[in-house]
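Enquirer: I am attaching a structure below and will ask some questions about it afterwards.
The values are calculated or read from the model by the stated rules, or taken from the named source; none is laboratory data. Quick caveat: nothing in here was measured; it's all calculated off a predicted structure. Neighbour counts run over all protein chains shown; Cβ positions are idealised from the backbone, glycine included. Ligands, DNA and RNA are excluded from the accessible area calculation, which covers all protein heavy atoms including side chains. Shrake-Rupley method; radii C 1.70, N 1.55, O 1.52, S 1.80 Å.
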Amino acid sequence: MHVRLGRRTDLPAIAAIEAASFSHPWPSARLAAYFDHEGTVVLVAEEGSPTGFLIACRERAADVPMLHIHDLAVAPPHRRRGAASALLAELIRIAAAEGIPLLRLEVRITNEGARRFYERHGFRVIRHLRRYYEDGGAAFQMEFELGARPNLGLPAPTRTQRASPRSSPR
């Protein structure tokens, strides 16, 4: 399993994985738009060809820089083999290298498997968002603070990489 930065040429594979993974997949045009935004991180897991992807955007919350995970999916035949964990570990490595102390995402309340996956990797539910999705479905907003590192086989950050704590709760 290899994780690398995504390229626009990965778009057909990313769109196929998206379509196979979600009942309401994002259209290719929406996925393509991420490649045009300079604050976006697109990661691809591959075993010869793409097997999964992660899309996150650099944003700010209460003046704290964060990486907001917009999408993470693994092709059904490749699930439960470490691709999602590898993608998440690489994003955490990138955040640590850039001094970004916070990762955030939203997960559909009915998606217990995804919520448990993120909790196993150190995310915690911070908020319940009613009618978050276009179909009226609710979501949990979850956060990961780099100071609360899970066991992902990552080296501890050096003193200069340690992020400052969040400035104020919301």
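Enquirer: Every residue in the stretch 97-115 that is open to solvent by 50 Å² or more (accessible area, probe 1.4 Å) and under 11 Å from Phe140 (Cα atoms), please. Let's see the steps before the verdict.
Expert: From the stretch 97-115, those open to solvent by 50 Å² or more (accessible area, probe 1.4 Å) are 97-98, 108, 110-112; that's our starting set.
Listed by number, the residues that qualify are Arg108, Thr110, Asn111, Glu112.
Enquirer: Just to be sure before I move on: is Gly136 part of a helix (DSSP H, G or I), surrounded by fewer than 15 Cβ atoms within 10 Å (Cβ to Cβ), among the small types (Gly, Ala, Ser) and more than 11 Å from the chain's Cα centre (by Cα) in the structure I sent? Spell out how you get there, then give the answer.
Expert: Working: part of a helix (DSSP H, G or I): no; surrounded by fewer than 15 Cβ atoms within 10 Å (Cβ to Cβ): yes; among the small types (Gly, Ala, Ser): yes; more than 11 Å from the chain's Cα centre (by Cα): yes.
Taking the combined requirement at face value, the residue does not satisfy it.
Enquirer: Pairs only if they're at least six apart or on different chains, beta carbon under 6 angstrom, first in the stretch 52-76 and farther than 16 Å from Met142 by Cα and hydroxyl-bearing (Ser, Thr, Tyr), second open to solvent by 10 Å² or more (accessible area, probe 1.4 Å) and not in a loop (DSSP other than H, G, I, E, B); list them, first residue then second.
Expert: Nothing qualifies.
Enquirer: Can you find even one residue in the stretch 77-84 that is surrounded by 13 or more Cβ atoms within 10 Å (Cβ to Cβ) and at positive phi?
Expert: Residues of the stretch 77-84 surrounded by 13 or more Cβ atoms within 10 Å (Cβ to Cβ): 78-79, 81-84.
This time we only want the ones that are at positive phi, so: 82.
Scanning the stretch 77-84 turns up at least one residue that is surrounded by 13 or more Cβ atoms within 10 Å (Cβ to Cβ) and at positive phi.
Enquirer: Would you pick out the residues in the stretch 1-50 that are within 26 Å of Leu102 (Cα to Cα), crowded, with 19+ Cβ neighbours inside 10 Å and not aromatic (Phe, Trp, Tyr)?
Expert: Val3, Gly6, Ile14, Glu18, Leu31, Val41, Val42, Leu43, Val44, Ala45 - these are the residues of the stretch 1-50 that are within 26 Å of Leu102 (Cα to Cα), crowded, with 19+ Cβ neighbours inside 10 Å and not aromatic (Phe, Trp, Tyr).
Yes/no per residue for (1) part of a helix (DSSP H, G or I); (2) within 28 Å of Ile126 (Cβ to Cβ); (3) out of contact with any Phe, Trp or Tyr (no Cβ under 8 Å at 6 or more places or on another chain):
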{"site": "Arg4", "(1), (2), (3)": "no, no, yes"}
{"site": "Arg30", "(1), (2), (3)": "yes, yes, yes"}
{"site": "Glu38", "(1), (2), (3)": "no, yes, yes"}
{"site": "Val41", "(1), (2), (3)": "no, yes, yes"}
{"site": "Ala89", "(1), (2), (3)": "yes, yes, yes"}
